[in-house]
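Remarks on the structure that follows.
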Amino acid sequence: MTIDVVAEPLVAAVREAWARARGTILVPSGFQLTEVTVDAGSLTAQVADPAGSRFGMRVALPNAARWEGRVQGGEGTTEHWALWSVIVPLMEELETDAAHRFRPDADGVRWVTS
């Protein structure tokens, strides 16, 4: 699968945001980012908790024009999008007993978004 020019920096930003946040109050060290993929206009992130339960989240990719000419580190950048559109919402869902609220699919992934 080829990653779209717009999607590639977003995938990298999710991985980097996870690495920076891991081991903090936002992402406890027992959680692992297992997969970040792009398909059909959405980004999918999957994580595993310390017990081995797997969770997934799908987020629509932003419009390409939104990223043109942005400086790093501020609102509207890939880093900001990764943190506030993927990492924070996913971890918020996992804090609310997601293992009991969401049923696993055939692959054992509990999807916190449809």
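Odds and ends about this structure:
- The length gained on full extension between I25 and E95, counted as 0.36 nm times the residue separation minus their Cα-Cα distance, comes to 24.1 nm.
- Extended-chain gain in nm, criterion 0.36 nm per residue less alpha-carbon gap, R103 and V88: 3.3 nm
- Value of relative contact order over the stretch 25-66, rounded to a whole percent, pairs C-alpha under 8 Å and six or more apart: 30
- Note on E35: accessible area is roughly 70 Å² with a 1.4 Å probe, heavy atoms of protein only.
- Local net charge near R101, Cβ-Cβ under 12 Å (Lys/Arg +1, Asp/Glu -1): -1
The values are calculated or read from the model by the stated rules, or taken from the named source; none is laboratory data. Everything numeric in this text was worked out from a predicted model, so none of it was measured. Counting neighbours? That spans all protein chains shown, and the Cβs are built from the backbone with ideal geometry, glycine included. Heads up: the accessible areas ignore ligands, DNA and RNA and are worked out on the full protein's heavy atoms, side chains in. Shrake-Rupley method; radii C 1.70, N 1.55, O 1.52, S 1.80 Å.
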